[in-house]
Amino acid sequence: MIRKILVANRGEIAVRIVRACSEMGIKSVAIYTDADRHALHVKKADEAYHLGSEPVAGYLNAHNIVNVAVTSGCDALHPGYGFLSENPEIAEICARRGVKFIGPSADVIAQMGDKIQARNAMIAAGIPCVPGSDGNLADVEEARDLANKIGYPVMLKATNGGGGRGIRRCDNEKELLANYDRVISEASKAFGKPEVFLEKCVVNPRHIEVQVLADSHGNAIHLFERDCSIQRRNQKLIEIAPSPQITQEQRDYIGGLAVKACHAVGYENAGTVEFLLDQDNNFFFMEMNTRIQVEHTVTESITGIDLVQEQIRIADGMELRYKQEEVGFRGFAMEFRINAEDPKNGFMPCFGKITRYYAPGGPGVRIDAAMFSGYVVPPYFDSMCAKLTVWALTWEEVVERGRRALNDMLVYGVKTTIPYYQEILKHPDFRNADFNTGFVESHPELVNYVVKVPPELRAAAIAAAIAAHEGI
Ligand code: ADP
Ligand code: ADP
Ligand code: MG
């Protein structure tokens, strides 16, 4: 039985995992570096261990972290997302040290983390993939020959990429030649590996991904799909479940493909199989994420299933509690990634003190946040500081609820993506549930908004800023 879990992460996802532990009667152990001394996950966990002054490196030191797990008496480790979550080494170290890693085996993480190996495994299992390279590109000549064969536009992608980085669209040979070295350099810098591959670019696709759960007894189910087509620079901004853009027949089809993918690779724990849907209604496998995802909240909202708790049960060797026909969904859920960024200024990150924060509430509103009034957003990490998830019975209602909750949510001290999301929600194409991954780029006018602040809140914010400045 798992009794104590080391949470190998920070921010809202660390808080999310601590909450799951608390509801299950499991003790939680946080880790933190100097920059996170006053962070929420440190306050909420039962115990917390300091991992040094280096803000990011502490969260990436697998040996150290597993050591803390062992010495603090943890029998399991949850990696969250980002950081070490897709690092096969930590899964391996955990296995060696007798700590249950809450995720798939090191082998499966390694296989799916390499997009070429993942593609090849899916092709072998009969799952449709975008036409592309069989292996890593040897040189720019190979890239050019292959692009000529499959036809432009093409995507150059970092084989070990993630988080939307290391991906470039090339519309012609000139762009391919210009981007080739750039992608290699991005891949080396961001992922420590220079490998790149090429696949056909699906023009204006929808990003549709399927949540899966698989246990150690060979059972696998899917929990329907999420539509993550609202993206900027290949990074998700708003995620929706179920997709308002597909039919029940398409839902059953990709759900089946995702479960097939799990069986094909011997998958265990929660995972996501990402697909692109092209304009002729063809689905193509894109990648598999072997971890909990940022946007898992929308699936939880429509199914009522706590995915983090299910992850823990699976790691504990339990059988899935649901058969495919026993899971259902109701209504629509929408998640907004509230980033400390200035949409009017090229989405530039805005770090600093959140002088005041008023959380939204009311029916169908969920907040997953690492911020609070007085919290200082550190400059070392991702700019996402909260997630707002809303649920309602119909598409029209969930859009209205999103608008209302974003309106209720007031953040002072740093600029956020909230006003930009308000503009997206007003757009007729979005309201008509007709959008693809090109939506953000094709609507640059949406950043021309005016922020209306009620005068009494403006006065309060100014007073708070002065007080903060004077160290009161
Ligand atoms: P999701 O797939 O859950 O939507 P994202 O792609 O937005 O997640 O990534 C979540 C976080 O993890 C981000 O901070 C992102 O930068 C980070 N991340 C994702 N994949 C990788 C990777 N391969 N290497 C480093 N960081 C990653
Ligand atoms: P990451 O590991 O960074 O999440 P993905 O392979 O999932 O990378 O791609 C991220 C995003 O980039 C997708 O959601 C999609 O918008 C875009 N993308 C990736 N591959 C293609 C492709 N072949 N055609 C069109 N868009 C793509
Ligand atoms: Mg992806």
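The values are calculated or read from the model by the stated rules, or taken from the named source; none is laboratory data. Just so you know, these numbers come straight off a predicted model, no measurement behind them. Don't worry about glycine lacking a Cβ; one is built from the backbone with ideal geometry, like all the others, and counts go over all protein chains shown.
When ASP280, ASP342, ASP306 are checked against the criterion of being under 22 Å from PHE101 (Cβ atoms) and away from ligand 1 (no atom under 13 Å from the Cβ), a single residue qualifies: ASP306. Name every residue in segment 393-446 that is assigned to a loop (DSSP other than H, G, I, E, B) and under 30 Å from PRO379 (Cβ atoms), in order of residue number. Those that are assigned to a loop (DSSP other than H, G, I, E, B) and under 30 Å from PRO379 (Cβ atoms): MET409, GLY413, VAL414, LYS415, THR416, THR417, THR437, HIS443. Does ALA333 qualify as being more than 22 Å from HIS41 (Cβ to Cβ), at pLDDT 95 or above and within 16 Å of ligand 1 (Cβ to nearest atom)? Taking the combined requirement at face value, the residue satisfies it. Pairs are defined by a Cβ separation below 8 Å, a sequence spacing of at least 6 or placement on different chains, a first member in segment 201-220 that is outside any strand (DSSP E or B), and a second member that is hydroxyl-bearing (Ser, Thr, Tyr) and within 16 Å of ligand 1 (Cβ to nearest atom); the pairs so defined are ASN204/THR437; PRO205/SER229; PRO205/THR437. Answer yes or no as to whether HIS217 is closer than 30 Å to ASN339 by Cβ and away from ligand 3 (no atom under 16 Å from the Cβ). Criteria not met by HIS217. More than 10 Å from ligand 2 (Cβ to nearest atom) and under 24 Å from the mean Cα position of the chain (by Cα), is that true of PRO205? For PRO205, the condition - more than 10 Å from ligand 2 (Cβ to nearest atom) and under 24 Å from the mean Cα position of the chain (by Cα) - is not met.
For the criterion of being touching a His at 6+ places or on another chain (Cβ under 7 Å), within 25 Å of ASP114 (Cα to Cα) and away from ligand 2 (no atom under 16 Å from the Cβ), ILE65 fails.
Working carefully through the options THR290, THR272, THR297, find the one that is buried (at least 16 other Cβ atoms within 10 Å of the Cβ), at pLDDT 95 or above, away from ligand 3 (no atom under 16 Å from the Cβ) and within 29 Å of PRO205 (Cβ to Cβ). Steps first, answer last, please.
Details: THR290 fails: away from ligand 3 (no atom under 16 Å from the Cβ); THR272 fails: away from ligand 3 (no atom under 16 Å from the Cβ).
None of the other options fit; the residue is THR297.
Being within 13 Å of PHE224 (Cβ to Cβ), in contact with a Phe, Trp or Tyr (Cβ under 9 Å, 6 or more places away or on another chain) and within 16 Å of ligand 3 (Cβ to nearest atom) is a property that does not hold for ALA333.
Just one of (1) away from ligand 1 (no atom under 14 Å from the Cβ); (2) acidic (Asp, Glu); (3) buried (at least 22 other Cβ atoms within 10 Å of the Cβ) fails for GLU175. It is (3).
Screening GLU325 against (1) farther than 21 Å from ASP382 by Cβ; (2) more than 16 Å from ligand 1 (Cβ to nearest atom); (3) in contact with a Leu (Cβ under 8 Å, 6 or more places away or on another chain) leaves a single unmet condition, (3). Scanning segment 273-314 for residues that are in a helix (DSSP H, G or I) and within 12 Å of the chain's Cα centre (by Cα) turns up HIS296, THR297, VAL298.
ASN234 meets each of the listed conditions (1) more than 25 Å from PRO153 (Cβ to Cβ); (2) within 13 Å of ligand 1 (Cβ to nearest atom) apart from (1). Do you know which residues across segment 328-345 are assigned to a strand (DSSP E or B) and more than 30 Å from TYR380 (Cα to Cα)? PHE332, ALA333, listed by residue number. Applying a threshold of 7 Å to beta carbon distances and a minimum spacing of six or more residues, or different chains, the list of pairs starting in segment 229-240 at a residue that is within 14 Å of LEU388 (Cα to Cα) and in contact (Cβ under 8 Å) with a residue 40 or more places away in the chain and ending at one that is among the polar types (S, T, N, Q) and within 12 Å of ligand 3 (Cβ to nearest atom) reads LEU237/GLN231.
Conditions tested, residue by residue: (1) within 16 Å of ligand 2 (Cβ to nearest atom); (2) farther than 29 Å from GLY135 by Cα.
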residue	(1), (2)
LYS193	yes, no
GLN211	yes, no
ASN234	yes, no
ILE240	yes, yes
TYR253	no, no
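Restricting GLY164, GLY135 to those that are surrounded by fewer than 20 Cβ atoms within 10 Å (Cβ to Cβ), on the phi > 0 side of the Ramachandran plot and either more than 16 Å from ligand 1 (Cβ to nearest atom) or not aliphatic (A, V, I, L, M) (or both) reduces the list to GLY164. Per this entry, ILE31 is not counted among residues that are over 25 Å from the mean Cα position of the chain (by Cα) and either closer than 28 Å to GLN111 by Cβ or outside any helix (DSSP H, G or I) (or both). Look at segment 377-391: where a residue is in the same structural domain as ASP342 (by TED's automatic domain parsing) and a partner is part of a strand (DSSP E or B) and of a type in the set (Phe, Trp, Tyr), sitting 6+ places away or on another chain with Cβ atoms under 9 Å, you get ALA386/PHE336; ALA386/TYR357; LYS387/PHE336; LEU388/PHE336; THR389/PHE336; VAL390/PHE332; VAL390/PHE336; TRP391/PHE332. Hey, can you tell me all the residues within segment 202-212 that are away from ligand 3 (no atom under 14 Å from the Cβ) and either buried (at least 22 other Cβ atoms within 10 Å of the Cβ) or among the β-branched types (Val, Ile, Thr) (or both)? Those that are away from ligand 3 (no atom under 14 Å from the Cβ) and either buried (at least 22 other Cβ atoms within 10 Å of the Cβ) or among the β-branched types (Val, Ile, Thr) (or both): VAL203, VAL212. For the condition in contact with a strand residue (DSSP E or B) (Cβ under 8 Å, 6 or more places away or on another chain), more than 14 Å from ligand 3 (Cβ to nearest atom) and not β-branched (Val, Ile, Thr), PHE197 qualifies.
Against the test of being within 16 Å of ligand 2 (Cβ to nearest atom), part of a strand (DSSP E or B) and outside the structural domain of ARG313 (by TED's automatic domain parsing), the options ARG169, ARG226, ARG165 yield a single qualifying residue, ARG169. Scan segment 42-65 for residues that are more than 22 Å from ARG313 (Cβ to Cβ) and part of a helix (DSSP H, G or I) and report the count. Selection size over segment 42-65: 10. So which residues in segment 281-297 are under 15 Å from GLN250 (Cβ atoms) and within 14 Å of ligand 2 (Cβ to nearest atom)? Listed by number, the residues that qualify are ASN282, PHE283, PHE284, PHE285.
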